[in-house]
1. Below 14 Å, Cα to Cα, which aspartates and glutamates can K215 reach? Residues fewer than 8 away in the same chain don't count.
2. Can you grab the distance from the C-alpha centre of region 713-738 to the C-alpha centre of region 542-566, Å, no decimals?
3. So for the pair M452, L18, with labels modelled 7 Å out along Cα→Cβ, what separation do we get in nm?
4. When the C-alpha atoms of the chain are aligned to their principal axes, what extent does each axis show, in angstrom, from largest down?
5. For K590, project a label point 7 Å along Cα to C-beta. Then give me every residue of region 648-667 with its amide nitrogen under 18 Å of that point.
6. Please enumerate, by chain and number, the aspartates and glutamates with C-alpha under 13 Å from the C-alpha of K493, excluding those fewer than 8 residues away in the same chain.
7. If you only keep lysine pairs separated by 8 or more in sequence, or across chains, how many in region 518-604 come under 25 Å at the Cα atoms?
8. Provide the per residue accessible area, probe 1.4 Å, for the chain, rounded to a whole number of square angstrom.
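The values are calculated or read from the model by the stated rules, or taken from the named source; none is laboratory data. Note that the coordinates shown come from a computational prediction; the quantities given were computed from them, not determined experimentally. Heads up, the Cβs are rebuilt from the backbone with ideal geometry, glycines too, and the neighbour counts pull from every protein chain shown. Please note that ligands, DNA and RNA were not included when accessible areas were found on the heavy atoms of the full protein model with its side chains. Shrake-Rupley method; radii C 1.70, N 1.55, O 1.52, S 1.80 Å.
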Amino acid sequence: MSSHECATLFSPFVLKGLKVKNRLVRSAMETGMADLDGYVTIDNLNIYRMAAEGGVGLIITEAIGVHLLGRSFHEQIAAWEDKNIPGLKQLSDEIHIHGDGAVVFAQLQSAGASGWGYSYGQVDTEISLDTMHEEQIETLIQAFGEAAARVKKAGFDGIEFHGGHGYIISQFLSPAVNHRTDKWGGSLEKRMRFPLEIYRAVRQKVGNDFPVGIKMNTADYLPGGHWVQDTFKIAKRFAEEGFDFIEASGGMGFMTELRESLRKKVDKKEYYFSEAVDEFVDALKGTDTALMVVGGIGSPRVMEKLLDQGVDFISLARPWLAEPDFANRVKAGDLRMSRCVSRERLCNLCLTKLATGSVTCYKFYPGYCRMECPIDQDVPGYTALIAQEKFNEALKVIKRDNPLAGVLSRVCDHQCEQICRGETGEPLSIRDLKRFVTDYGLKHSLMVTAEMEITGGRGKVAIIGSGPAGLTCGFYLAKLGYNPTIFEKLPVKGGMLETGIPRYRLPKEVLKADIAYIESAGVEIKTGMALGEDYAVKDLFEQNHKAIFLAMGAPVGAQLNIEGADLDGVLIGLDFLKDVNLDVSVEVGKRVVVIGGGSVAVDVAMTAVRLGAEKVQLVCVESREEMPAYLWELEDAVEEGVVIHDSWGPKQIKGDGRVTGVELVECTSVFDHQGVFCPEYDENVVKSLSADTVIIAIGHGVDRSVIEGVPGITVAAAGTIEANKETLETGIPGVFAGADVVTGPNSVVKAVAAGKAAAESIDRYIKGISLLRTPKQEKYSPFVKMLRPTAFIEPSEQILKENSLRQVAPKRSASERRRNFKEIAGRLSKEQAIQEAKRCLKYDLELEEKSAARMADMGKATFVLTSDD
């Protein structure tokens with residue numbers, strides 16, 4: 001194949017005196033990357049820079065709002081104030097600098113009448129577009145004009161109005177929606193008055209030499225709406241008025257199922273609206289108005305044929321996300337179809353992912369691993385990068401969602417692996433892959449400090465507790481521009497991460513590095529500051545903290561209410577671990593009995609082994625299958641010689657002043673018929689264990705003395721703080737609480753998730769907007785979002801041809817680890833990590849199943865595809 005086959009596609013075109021280097025257009029796509037005030041962000045600049053570098057001739061931005069009331073979504077770029085101009089100029093400059101001659105048009109848009117308090121005729125309501133006030137209409141027309149002046153001042157090369165897809169202009173145009181009988185409706189000419197008045201207002205602001213165009217429907221695809229025989233008349237009238245170009249696009253009810261129906265209808269012609277091409281070409285014949293077409297086009301040869309039919313520009317959207325370098329590839333002579341699959345099957349993933357920065361397509365469908373992750377970690381993203389040996393980039397992906405990356409690469413309970421099914425059916429070693437990358441970063445001093453986009457200035461926030469929830473909350477608040485201060489009761493930073501997890505699981509240097517990374521973001525940590533002793537909540541507000549996050553955890557070990565629990569030699573598990581971690585001298589006897597069946601109990605037992613105990617036995621009421629400790633923890637303990645007595649409960653701790661043993665009674669059941677913890681015993685079956693030291697590790701809880709001393713805080717029966725599960729609000733305005741202090745003892749990763757949620761709620765609270773977030777399942781429905789910086793990669797390039805097996809990180813033998821606190825787990829080798837990463841399927845086939853099911857449901861209300869219906 002040679003590039004001359006598409007010579008017209010790469011020929012220049014002069015539009016209103018503006019030279020466009022080729023006929024390829026990047027059509028507008030909502031990214032949802034602006035901040036809540038509508039200002040351009042680094043994310044906006046990044047994605048448009050990538051678009052410019054891809055070789056496209058003309059970039060039309062996402063819809064830019066012209067009036068606050070007409071914004072389509074909160075993260076929409078705005079042009080309704082002069083304060084928006086500097087950010088808009090950054091955006092236009094980014095494209096001009098990196099685009100090698102590419103030009104950029106700003107798409108100006110206002111949401112439908114709903115943004116102004118009216119419906120758009122699709123629902124049964126007493127208010128509608130038909131009764132929209134005259135003053136509001138005039139205000140909106142002027143808003144378009146003023147926004148146009150701003151984008152011109154910001155360096156844009158032209159303007160496009162969004163006049164399709166159900167936004168305000170298309171609502172005024174369509175007889176299916178507009179039933180007005182005044183000067184704004186009742187006939188085609190009157191319905192056209194609104195966009196024509198906008199055009200005139202814009203022309204008055206930008207002059208006659210500035211390119212101005214409109215995106216419009218080829219048909220409304222609604223009963224009673226416009227069809228091609230009507231829309232070509234509209235196009236002709238727009239050309240007569242002076243519009244410099246028209247972009248012909250979809251209908252009012254444009255959605256994935258409609259697109260799928262249109263795709264099947266046009267078959268190999270690709271362009272969804274191919275039946276409208278000749279009509280639109282004829283409508284614009286003899287005028288200076290250029291014609292762009294958009295919708296399902298992927299083949300360079302089809303593009304060339306459309307140009308031969310009289311089309312002037314080929315506009316694409318999703319293909320640029322699936323393959324950013326598409327234009328450069330075709331120009332070099334590779335005329336294969338674009339890699340976007342939206343024309344082949346029902347797929348809309350990239351658009352649902354754009355809001356958080358995705359620049360890729362379904363090949364990286366996150367699947368269940370990400371859905372299962374409490375912190376929304378982009379597992380497929382960093383896995384794909386590991387497979388490509390892009391370890392630096394993988395580390396960036398991990399740390400974007402996870403400031404405690406080193407910690408969680410060791411102690412995360414990796415729920416994601418429970419649901420993962422990589423190639424060969426085995427779950428990937430996801431946590432080990434994260435460990436490989438974070439260790440790589442530590443070794444090469446990568447991302448040891450946080451990259452900041454905003455530095456302070458938005459006010460102070462106080463955080464009580466420097467555990468995983470507090471540290472995470474502080475980090476994300478700092479990233480949002482706040483000045484967070486963490487108050488820690490202990491003399492060390494890290495809370496339970498420092499005092500509750502043995503060093504053989506979480507080395508000090510790893511925790512220290514993560515904390516230093518968080519502090520580098522602008523988080524201050526004050527140690528030796530106890531709530532209720534050194535300060536009160538009211539003091540923090542008096543010191544101008546705008547909000548407070550209570551994240552004290554559950555650091556109090558539970559007591560055992562049996563005879564002998566007060567004997568010398570009886571210790572509390574959490575206190576025991578804390579003393580060992582803080583290098584306080586701790587002595588244990590030769591014979592140690594640990595009471596408890598959870599992770600803390602296992603860590604206590606293994607710590608006792610390292611302190612020199614000759615015989616360590618663990619007693620728990622649960623059977624081996626019911627024990628709350630993780631299987632791999634139990635395996636480690638057994639390897640080191642810990643003897644487990646499951647299904648036995650402590651009846652009495654024996655001794656005379658000092659402990660000598662424990663009497664046990666057989667536990668016949670742990671839970672009642674409702675699943676509530678309610679152990680029952682056979683008092684006739686008992687046994688005794690000799691012991692010099694007994695360590696009670698049956699759970700831990702909140703320090704009630706602290707929270708009960710805070711006026712306005714409600715304490716639940718379990719001793720935890722009552723807070724809204726979604727927003728983390730407490731009974732005191734501005735005070736939030738989360739993680740173990742609310743839920744009781746939970747995993748580290750869920751504490752990190754609570755910290756992220758708290759930061760978002762606090763930010764929303766301070767900004768005065770709703771604290772309610774979209775639930776994860778709803779936010780990702782029907783497709784799952786995935787974050788950048790992933791890129792299109794063929795699955796065949798990532799999946800090994802042979803049947804590979806799960807790669808498992810090595811660990812030190814029991815004999816090597818019994819008497820020291822060196823880390824048990826090793827790391828995957830570089831070769832193992834790459835091989836393991838390539839087992840990721842990166843695509844959940846249920847996507848197609850869901851789409852097929854939805855198509856079947858939608859079939860009950862068939863879309864109107866022809867004017868005959």
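1. Once the sequence-local aspartates and glutamates are set aside, what remains near K215 is E62, E160, D244, E247.
2. Centre-to-centre (Cα) distance: 14 Å.
3. Rounded to a tenth, the inter-label distance reads 3.8 nm.
4. So the extents along the principal axes, rounded to whole Å, are 108, 63, 51.
5. Taking a point 7 Å out along Cα→Cβ of K590, the residues of region 648-667 whose backbone N falls under 18 Å are 659-662.
6. Of all the aspartates and glutamates, those that pass the test against K493 - Cα under 13 Å, at least 8 places apart if same chain - are E509, D514, E519, E524.
7. 5
8. Working: 34700 Å² over 869 residues.
On a per-residue basis, the chain sits at 40 Å².
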